[in-house]
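Have a look at the structure below, then the notes.
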Amino acid sequence: MRSTLDQPVLRAIARLAPFAALSFILQNAYNQLDAWFLGRVGPTASNALGLFMMVQIANFGVVLVLARGTQSLVGRRLGAGAGTGAALATAQGLSLAARVVLPVTALQWIFAPQILAFMGGRGEAVEQATLFLRTLYLFMPALFAQPLLDFVFQALGDTRTPFRMQLVALAVNAALNAVLVLPHELTVLGHTVHVGGLGVAGSALATGLSRLLAACILFVLLVRRYHWATLLSRAGYAWDGPVAREILRVGLPAGLATIAYSVVGVFVLQVVGRFGQDAYGAYGIGFRGVESFSFMILLGVGTATATVVAHAVGAGDFVRARRAGHVGTALGAGCMAATGAVFLLAGRPLASIYTSDPGLLDIAAGYIGVMAFCQVPQALETVYSDAMAGAGSTLRTVLISIPGNVLRVPLAWYLASGRGLGLRGVWYAILVSAALKGAGVSALYLSGRWEAAALHGRRMAEAA
């Protein structure tokens, strides 16, 4: 465990951010591998990718409820010098995950085809997306546990360990994708053996198995490195009302915002689907294959900022906490300005990494070009929101982000159909909402109103 309180704010964020960003980038590389291998399977598999990505974002929203709340509480307890309390918060986060994972998985397993069809998918694309999701659901406990444990390490001031585990997991995932997704013929003792060829199911198996490995290693490291016997005790996982409520108080708004984002994404996909099944695949390439890369950099800066803020709030130093939010946001905005320039100048070459289909390339390149102008507003929204989440204040940001995301749906319909702009109208709707959210969250942070919730959360954390 390493508190950031003894370091200047910029140095503390700069120490944590690179490995946090690299960790998120490697995590996002799972998406890149999916896009690359499924693109080699065929257009139907690529179209399926555009469908199931929004379901996965919704699942991450559920995970984020627990991970964000646990991260904030662990960080604040570390700042207050309460290492035992940090261990109990981690155990309670894992316990809440165990209680949630079964019903969430069961509902999605049963209704996956209906959900995907509601999103606008048709025919074989829905079948392939359903196969991917149902295969991945076999590993749902690991998909919940691994991000939560990543966030715990980051809250402890250690971003290198999650990075190393992501590196190991990604290598395993890449090897399994190579073996399982595409068909291979091997000659063994004069006999031809057919291996792989599982398509989307192989990709899901590769993701699930590698996530399971990473989750197990992270858990063992927490127990051995920090001597957290609480994680090996049944009592640590028994319901602890004050701790669980504090995790949910912080985590629920953050997670609901992500879930709402995915629900809005479903309706946006319906608008995209009006322009053909290829539009799904191109949107998946642009959003998941390219734009998500820059967002992972931003998440790294946001995570580092949240950690520094949480330690400061735990120690009662709100001046340092406030300054950390501004410094982190300035750093994030600079990074995103650079990625925006790359998107604007090299949208088509970036899209061509994942497909050579001219139709898909045209649509994806158009999306990437417009998203270049979303990068800085996203930095303002994300890093300031993460700073407030680290302090234990998330509700106010949700009251800005959810309406801003919901606005995308009517605006996309109006610009795409009413104004005749087609898919470009959908991309413009996303840009407008991003700009409004960035401005709104910035105004909230500058107002200082989030500090009252942070003070309340600090008292609750001490009581828990």
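Go through Ala142, Ala175, Ala171 for me and flag whichever is of a type outside the set (Ser, Thr, Tyr), closer than 30 Å to Leu22 by Cβ and in contact with a Leu (Cβ under 6 Å, 6 or more places away or on another chain).
Of Ala142, Ala175, Ala171, the one residue that is of a type outside the set (Ser, Thr, Tyr), closer than 30 Å to Leu22 by Cβ and in contact with a Leu (Cβ under 6 Å, 6 or more places away or on another chain) is Ala142.
Condition (residue is within 18 Å of the chain's Cα centre (by Cα), within 20 Å of Ala155 (Cβ to Cβ) and surrounded by 24 or more Cβ atoms within 10 Å (Cβ to Cβ)) applied to the stretch 367-381: is it met by at least one residue? No: the stretch 367-381 contains no residue that is within 18 Å of the chain's Cα centre (by Cα), within 20 Å of Ala155 (Cβ to Cβ) and surrounded by 24 or more Cβ atoms within 10 Å (Cβ to Cβ). Checking the stretch 280-295 against the condition returns no match, with no residue being crowded, with 24+ Cβ neighbours inside 10 Å, modelled with pLDDT of 90 or more and closer than 30 Å to Leu38 by Cβ. Considered as a group, the residues in the stretch 110-162 that are within 20 Å of the chain's Cα centre (by Cα) and not in a helix (DSSP H, G or I) include one that is nearest to Phe52 (Cα to Cα), and that residue is Thr159. Taking residues in the stretch 146-170 that are farther than 21 Å from Gly392 by Cβ, and partners anywhere that are acidic (Asp, Glu), the pairs with Cβ atoms closer than 9 Å and at least 6 places apart or on different chains are Thr161/Asp150; Pro162/Asp150; Met165/Asp150; Gln166/Asp150.
Do you know which of the residues in the stretch 196-239 that are surrounded by fewer than 13 Cβ atoms within 10 Å (Cβ to Cβ) and of a type in the set (A, V, I, L, M) is farthest from Pro147 (Cα to Cα)? Out of the qualifying residues, it is Ala235. Using beta carbons and a limit of 6 Å, which pairs, at least six apart or on different chains, have the first residue in the stretch 289-316 and under 20 Å from Met336 (Cβ atoms) and the second one not in a helix (DSSP H, G or I)? Note: pairs meeting the criteria are Gly289/Tyr354; Val308/Thr4. Checked against (1) surrounded by fewer than 24 Cβ atoms within 10 Å (Cβ to Cβ); (2) under 18 Å from Arg245 (Cα atoms), Gly69 passes all but a single condition, namely (1).
In the set Ser393, Ser401, which member is within 30 Å of Ile247 (Cβ to Cβ) and not in a helix (DSSP H, G or I)? Before you say what the answer is, go through the steps one by one.
Numbers: Ser401 fails: not in a helix (DSSP H, G or I).
One residue alone meets the criteria, Ser393.
Report yes if Gly425 is farther than 15 Å from Tyr261 by Cα and buried (at least 19 other Cβ atoms within 10 Å of the Cβ), otherwise no.
Details: farther than 15 Å from Tyr261 by Cα: yes; buried (at least 19 other Cβ atoms within 10 Å of the Cβ): yes.
Yes: the conditions hold for Gly425.
Ala45 falls short of the stated requirement of being within 30 Å of Ser233 (Cα to Cα) and either surrounded by fewer than 24 Cβ atoms within 10 Å (Cβ to Cβ) or out of contact with any Lys or Arg (no Cβ under 8 Å at 6 or more places or on another chain) (or both).
If you filter the stretch 394-418 down to residues that are in contact with a Gly (Cβ under 7 Å, 6 or more places away or on another chain) and in contact (Cβ under 8 Å) with a residue 60 or more places away in the chain, you find that the one that is surrounded by the most Cβ atoms within 10 Å (Cβ to Cβ) is Ala412.
Sub-6 Å Cβ pairs linking a first residue in the stretch 221-236 that is on the phi > 0 side of the Ramachandran plot and modelled with pLDDT of 90 or more to a second residue that is surrounded by 11 or more Cβ atoms within 10 Å (Cβ to Cβ) and not acidic (Asp, Glu), at least 6 apart or interchain, number zero.
Within the stretch 116-125, the set of residues being touching a residue at least 40 places away in the same chain (Cβ under 8 Å), under 22 Å from Val62 (Cα atoms) and out of contact with any Leu (no Cβ under 9 Å at 6 or more places or on another chain) comprises just one member, Phe118. If you check Ile430, Ile353 for being in contact (Cβ under 8 Å) with a residue 24 or more places away in the chain, more than 17 Å from Pro253 (Cα to Cα) and touching a helix residue (DSSP H, G or I) at 6+ places or on another chain (Cβ under 7 Å), only one passes: Ile430.
Inside the stretch 404-422, residues that are in a helix (DSSP H, G or I) and closer than 19 Å to Tyr261 by Cβ make up a count of 9.
Taking the conditions exactly as written (within 24 Å of Ala67 (Cα to Cα), in a helix (DSSP H, G or I) and either modelled with pLDDT of 95 or more or of a type in the set (A, V, I, L, M) (or both)), does Ala333 satisfy them or not?
Numbers: within 24 Å of Ala67 (Cα to Cα): no; in a helix (DSSP H, G or I): yes; either modelled with pLDDT of 95 or more or of a type in the set (A, V, I, L, M) (or both): yes.
Here the answer is no, as Ala333 does not meet what is asked.
Considering the stretch 307-335 alone, what residues qualify as being β-branched (Val, Ile, Thr) and crowded, with 16+ Cβ neighbours inside 10 Å?
Thr307, Val308, Val309, Val313, Val327, Thr329, listed by residue number.
Restricting the search to the stretch 293-351, which residues are under 20 Å from Asp158 (Cα atoms) and among the hydroxyl-bearing types (Ser, Thr, Tyr)? Of everything in the stretch 293-351, those that are under 20 Å from Asp158 (Cα atoms) and among the hydroxyl-bearing types (Ser, Thr, Tyr) turn out to be Thr303, Thr305, Thr307.
For the stretch 87-139, what are the residues that are crowded, with 22+ Cβ neighbours inside 10 Å and of a type in the set (S, T, N, Q)? Correct list: Thr90, Gln92, Gln128, Thr130. Across the stretch 336-354, the number of residues qualifying as surrounded by 22 or more Cβ atoms within 10 Å (Cβ to Cβ) and assigned to a loop (DSSP other than H, G, I, E, B) comes to 1.
The values are calculated or read from the model by the stated rules, or taken from the named source; none is laboratory data. On a predicted model such as this, the values are computed, not experimentally measured, just so you know. Backbone-built Cβ (ideal geometry, glycine too); neighbour counts: all protein chains shown.
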